[in-house]
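Trainee: Would you mind keeping the following structure in view while I ask a few things?
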Amino acid sequence: MKRLIITISFIYIYTNTFSQNFNNYTDNGFRKTFRIMFYNAENFFDTKHDSSKNDYQFLPDGDKHWTLPRYQEKLTHISRVITAIGGWQPPEIIGLCEVENRNCVNDLVEHSDLKKLNYKIIHKESPDKRGIDVVFLYQDKKFTPVYHEFIRIDFPNNSRKTRDIIYVKGYTDKHDTLNIFVNHWPSRWGGQLASEPKRIYVASVLRKKVDSLIAVEKNPNIIIMGDLNDMPFNISVTKVLKANSDIDKTTIYADSLYNLAGYFGKKIEYGSHKYHGEWGILDQIIVTGNLMLKTDKIYTTKNDYHIFNADFLTEKDEKYFGLQPYRTYIGFKYHGGYSDHFPVFIDLYETR
């Protein structure tokens, strides 16, 4: 009983002291909002070799000596993050990336502290050679998918494969329609400029899908989340995806895209990821203006994007000063932390 009380207190303290407005909670501590989160889990591999994937580093005899106890600790860490972000009420929708396979997802929802939360899974093996995928989790009492699609990225020059984009259309328990995309765009390996064309191409594929939704639906509620491996001000996001982060300086249109992460970054001096001492917001959440105009039954605001950087997810940056994410590995050395990214989330409200 004492252990249970300590755990509950920890969850309540971190969730509420981090960024929440206490007016968003009922008297018994439950949120009034619909919460959507995204988390780059940093190399969430199991310990078994998949013959179709380049997962050799993450095996017990691999370079990183990825053993069963380390894998189990990773499960505990990811479930702890999700529980802490949700507080008394788990996040209704979760997007994950850097997940090796369905076995990892099943272990997370069935054999970790998330088991009692009954998350449902939308996932498919993507063609990424490293074997890392994107994942969509949801609470089926709060969200009902009616259609999903795995958008394949086929580069024109037949270059190295990357992750699919997951598209899910569904209804909240209040019958609000949401169109959600989970992304993990190509990395900056080889340099930002050299790798940028790949992210530009992925952004163009996503933009075409957004345009097709706008063409057939009147003012769709679209939410794009993911590790874009570009900043909110990079060409792939601003020019190709056409996501505007100057929310205070522009008129909001129902069918235009607005980058809540970009707006956040204009006010805050930290990000979701730190590289060589520089903070950046790679993990972004972008919405259509219809979700900001309060003309529909469900909405969000420009201030409702959050980076969850609770104390247990951070450590001292010995080289560049300040804090940094408490990651699982530093190079090939096991560090025992959570991820090299902080999770991010938004809240949706109801006008009823």
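Trainee: Is there a residue in the range 217-225 that is surrounded by fewer than 16 Cβ atoms within 10 Å (Cβ to Cβ) and either part of a loop (DSSP other than H, G, I, E, B) or out of contact with any Asp or Glu (no Cβ under 7 Å at 6 or more places or on another chain) (or both)?
Mentor: yes
Trainee: Hey, any hits in the range 43-56 for a residue that's closer than 26 Å to ILE223 by Cα and either within 15 Å of the chain's Cα centre (by Cα) or not hydrophobic (A, V, I, L, M, F, W, C) (or both)? Give the steps one after another, and end with the answer.
Mentor: Filtering the range 43-56 for residues closer than 26 Å to ILE223 by Cα gives 43-44.
Checking the rest, the ones that are also either within 15 Å of the chain's Cα centre (by Cα) or not hydrophobic (A, V, I, L, M, F, W, C) (or both) come to 43-44.
For the range 43-56, residues closer than 26 Å to ILE223 by Cα and either within 15 Å of the chain's Cα centre (by Cα) or not hydrophobic (A, V, I, L, M, F, W, C) (or both): present.
Trainee: Condition first: more than 19 Å from ASN43 (Cα to Cα), modelled with pLDDT of 95 or more and outside any loop (DSSP other than H, G, I, E, B). Can you find one or more residues in the range 94-109 that meet it?
Mentor: No, the conditions are met nowhere in the range 94-109.
Trainee: Out of the residues in the range 160-196 meeting the condition of being of a type in the set (Ser, Thr, Tyr) and within 17 Å of ASP227 (Cα to Cα), tell me which one is surrounded by the most Cβ atoms within 10 Å (Cβ to Cβ).
Mentor: Looking at the filtered set, the residue picked out is THR162.
Trainee: Here is a follow-up. For residues that are touching a helix residue (DSSP H, G or I) at 6+ places or on another chain (Cβ under 8 Å) and part of a loop (DSSP other than H, G, I, E, B), tally how many sit in the range 340-349.
Mentor: Count: 2.
Trainee: If a residue must be in a loop (DSSP other than H, G, I, E, B) and either under 17 Å from the mean Cα position of the chain (by Cα) or free of Cβ contacts under 8 Å to residues at least 60 places away in the same chain (or both), how many such residues does the range 129-166 contain?
Mentor: Adding up the residues that qualify gives 16.
Trainee: Follow-up. Would you mind telling me which numbered condition in (1) at negative phi; (2) assigned to a loop (DSSP other than H, G, I, E, B) HIS65 fails?
Mentor: Failed condition: (1).
Trainee: Here is a follow-up. Hey, could you check the range 161-207 for residues that are in contact with a helix residue (DSSP H, G or I) (Cβ under 7 Å, 6 or more places away or on another chain) and small (Gly, Ala, Ser) and say which is nearest to LEU96 (Cα to Cα)?
Mentor: Restricting to residues being in contact with a helix residue (DSSP H, G or I) (Cβ under 7 Å, 6 or more places away or on another chain) and small (Gly, Ala, Ser), the top hit is SER187.
Trainee: Still on this structure: Can you go through ILE200, ILE180, ILE223 and tell me which one is within 28 Å of ASN54 (Cβ to Cβ) and of a type outside the set (Gly, Ala, Ser)?
Mentor: ILE200
Trainee: Could you list, in sequence order, the residues of the range 242-255 that are under 15 Å from ASP283 (Cα atoms) and either in contact with a Lys or Arg (Cβ under 8 Å, 6 or more places away or on another chain) or in contact (Cβ under 8 Å) with a residue 60 or more places away in the chain (or both)?
Mentor: Answer for the range 242-255, where residues must be under 15 Å from ASP283 (Cα atoms) and either in contact with a Lys or Arg (Cβ under 8 Å, 6 or more places away or on another chain) or in contact (Cβ under 8 Å) with a residue 60 or more places away in the chain (or both): just SER245.
Trainee: Which pairs have Cβ atoms under 7 Å, sit 6 or more apart or on different chains, and link a residue in the range 222-237 that is under 19 Å from HIS341 (Cα atoms) and at pLDDT 95 or above to one that is charged (D, E, K, R) and surrounded by fewer than 24 Cβ atoms within 10 Å (Cβ to Cβ)?
Mentor: That search, which allows pairs on different chains as well, returns ASN229/ARG188.
Trainee: To continue, here is another question. Being in contact with a strand residue (DSSP E or B) (Cβ under 6 Å, 6 or more places away or on another chain), assigned to a loop (DSSP other than H, G, I, E, B) and not polar (S, T, N, Q) is the requirement here; does LYS124 meet it?
Mentor: On the way: in contact with a strand residue (DSSP E or B) (Cβ under 6 Å, 6 or more places away or on another chain): yes; assigned to a loop (DSSP other than H, G, I, E, B): yes; not polar (S, T, N, Q): yes.
Judged against the criteria, LYS124 is a match.
Trainee: Let me ask something else about it. Output the residues belonging to the range 226-251 that are part of a helix (DSSP H, G or I), touching a helix residue (DSSP H, G or I) at 6+ places or on another chain (Cβ under 9 Å) and among the basic types (Lys, Arg). Working first, answer last.
Mentor: Restricting attention to the range 226-251, the residues satisfying the condition of being part of a helix (DSSP H, G or I) are 235-240, 247-249.
Filter again for touching a helix residue (DSSP H, G or I) at 6+ places or on another chain (Cβ under 9 Å), leaving 235-240, 247-248.
Correct list: LYS239 only.
Trainee: Please determine, by comparing only the residues of the range 41-57 that are out of contact with any helix residue (DSSP H, G or I) (no Cβ under 8 Å at 6 or more places or on another chain) and of a type in the set (S, T, N, Q), which one is modelled with the highest pLDDT.
Mentor: Per the stated criteria, the residue is GLN57.
Trainee: Surrounded by 18 or more Cβ atoms within 10 Å (Cβ to Cβ), within 21 Å of LEU228 (Cβ to Cβ) and in contact with a Gly (Cβ under 7 Å, 6 or more places away or on another chain) - does that describe any residue in the range 136-144?
Mentor: Yes.
Trainee: So, of the residues in the range 71-106 that are surrounded by fewer than 19 Cβ atoms within 10 Å (Cβ to Cβ) and charged (D, E, K, R), which turns out to be farthest from the chain's Cα centre (by Cα)?
Mentor: GLU73
Trainee: Determine which single condition ASP340 fails, assuming it passes every other condition in (1) out of contact with any Pro (no Cβ under 9 Å at 6 or more places or on another chain); (2) more than 16 Å from ARG35 (Cβ to Cβ); (3) crowded, with 20+ Cβ neighbours inside 10 Å; (4) of a type in the set (Asp, Glu).
Mentor: (1)
Condition check ((1) at pLDDT 95 or above; (2) of a type outside the set (Asp, Glu); (3) farther than 30 Å from PRO69 by Cα) across all residues:
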{"residue": "LEU114", "(1), (2), (3)": "yes, yes, no"}
{"residue": "PRO127", "(1), (2), (3)": "no, yes, no"}
{"residue": "TYR138", "(1), (2), (3)": "yes, yes, no"}
{"residue": "TYR147", "(1), (2), (3)": "yes, yes, yes"}
{"residue": "PHE155", "(1), (2), (3)": "no, yes, yes"}
{"residue": "ARG160", "(1), (2), (3)": "no, yes, yes"}
{"residue": "TYR167", "(1), (2), (3)": "yes, yes, yes"}
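The values are calculated or read from the model by the stated rules, or taken from the named source; none is laboratory data. Predicted model, so just to flag it, every value in this text is computed and none were measured. Cβ sites come from the backbone with ideal geometry, for glycine too, and all protein chains shown count toward neighbours.
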